Amino acid sequence: MSRLALYTFGVLKAPLADPAPLTREFYEMGEAVYRKISQHPGYLARAESADGDRGMLFEADWGAWGAFAVPAWYGKGRTVETTALAATLSLWADLRPAFDAVHTGLHREALNRRYDWFERTGHPNYVFWWVSDDVIPTWQDGVSRLEHLHDHGSAPHAFTFHHPFAPDGTPTRVGGGPKSDQVR
C-alpha cells in the first residue's frame, strides 16, 4: 500500500517576523486552515517542529521529517527576522482526499488570496509523490521532488493535480471537482 506525500513551498512578500497586518492575516488564516485540514478524511500527518515555533524553521527539530530544507532558488533570509517563506510537508491516504481538502473550504479561500501574500516565482509551489507505508518523507525529499518537477515536468517521481500518477507509475486522473466542503 502507498501513501501520498505533499510538499508545498511559497516565498512570502514579507518576512515571517514582519508585524504588518498582511502577515498577521496570513498566519491567522493559516492556523485555521491547518486545523480544518487535519480533520479532513484522508489526511494522515504533517511535519511539525518539536518546539512548535514557526519562526525557527531552519533551526527546529523536525524529528523523522528530517532537517528543514528549501529549494536552491529560494534567495531570501534564513534567520528568524528575515525568513520569508511558508512550507508544508504532509501525508495523505490518496490523491482524491488531498484534492478535496485543497480545493474546498478555508484552504480554497486561502488559495484565492495567495497572490496577496506570496511572490510569483515562476517555480511550482507544490509537488506530490508516492511513498510506501513505512516511509516518512523528509523536507529534503520534498525539495528534491519540487526541483525535479520544475526541471522535468510531471512524472511518477514528482507530479501535480493537473498531471497525476497512480502508485504504480501510470498516469491517472483526479476526476471532477471537489466532492464536498464537509469534514466527516
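The angle between the Cα long axis of helix 21-38 and the main principal axis of the chain comes to about 30°, on a 0 to 90 degree scale. Of the GluC sites (Glu not before Pro) found in the range 5-102, those in coil by DSSP whose Cβ has at most 12 other Cβ atoms within 10 Å are Glu81. In this structure, the amide hydrogen of Leu16, modeled 1.01 Å from its nitrogen in the peptide plane, lies closer than 5 angstrom to those of Thr83, Ala84, Leu85, counting only residues at least 5 positions away or on a different chain. Dipole check for the chain: with +1 at the C-beta of Lys and Arg, -1 at the C-beta of Asp and Glu, and the Cα centre as origin, the magnitude is about 580 Debye. The figure for Phe9 is an accessible area of roughly 10 square angstrom, using a 1.4 Å probe on the protein chains alone.
Accessible area per residue for the chain is 51 Å², calculated with a 1.4 Å probe on protein heavy atoms, without ligands, DNA or RNA. Pop the C-beta distance of Asp134 and Lys13 into the FRET formula with R0 = 45 Å and round what comes out to the nearest 0.05. For Asp134 and Lys13, the calculated efficiency is 0.70.
Springs between Cα atoms under 10 Å define the GNM used for the chain, and in it the highest mean-square fluctuation of Phe58, Phe165, Phe128 occurs at Phe58. Summarising the label geometry, the points placed 7 Å from Cα in the beta-carbon direction at Ser38 and Val174 lie 2.4 nm from one another.
Three semi-axes describe the equivalent ellipsoid of the range 78-143; taken as square roots of 5 times the Cα gyration tensor eigenvalues and ordered largest first, they are 23, 19, 10 Å.
Across the range 9-15, computed HN-Hα scalar couplings (Karplus, 6.51 cos²θ - 1.76 cosθ + 1.60, θ = phi - 60°) run 8, x, 9, 6, 6, 9, x Hz from first to last residue, x flagging Gly and Pro. With equal scatterers on the alpha carbons only and no solvent term, can you work out the Debye log10 of I(q)/I(0) for the chain at 0.12 1/Å? The calculated log intensity ratios at q = 0.12 Å⁻¹ are -0.56. Using a probe of 1.4 Å, the accessible surface attributed to His107 totals some 50 Å² when neighbouring protein chains are kept in position. Taking the 1.4 Å solvent-accessible surface of the range 20-75 as the whole, the part contributed by carbon and sulfur is 53%. Restricting the range 1-100 to trypsin sites (Lys or Arg not before Pro) that sit in a DSSP loop and have at most 16 other Cβ atoms within 10 Å of their own Cβ leaves Lys13, Arg54, Lys76, Arg78. With a Förster radius of 30 Å applied to the C-beta separation of Asn112 and Ala67, the computed FRET efficiency comes to 0.35.
The values are calculated or read from the model by the stated rules, or taken from the named source; none is laboratory data. Values in this document were obtained by computation on a predicted structure and should not be read as measured data. Heads up, the Cβs are rebuilt from the backbone with ideal geometry, glycines too, and the neighbour counts pull from every protein chain shown. Protein only, heavy atoms only, side chains kept; ligands, DNA and RNA dropped before computing areas. Shrake-Rupley method; radii C 1.70, N 1.55, O 1.52, S 1.80 Å.
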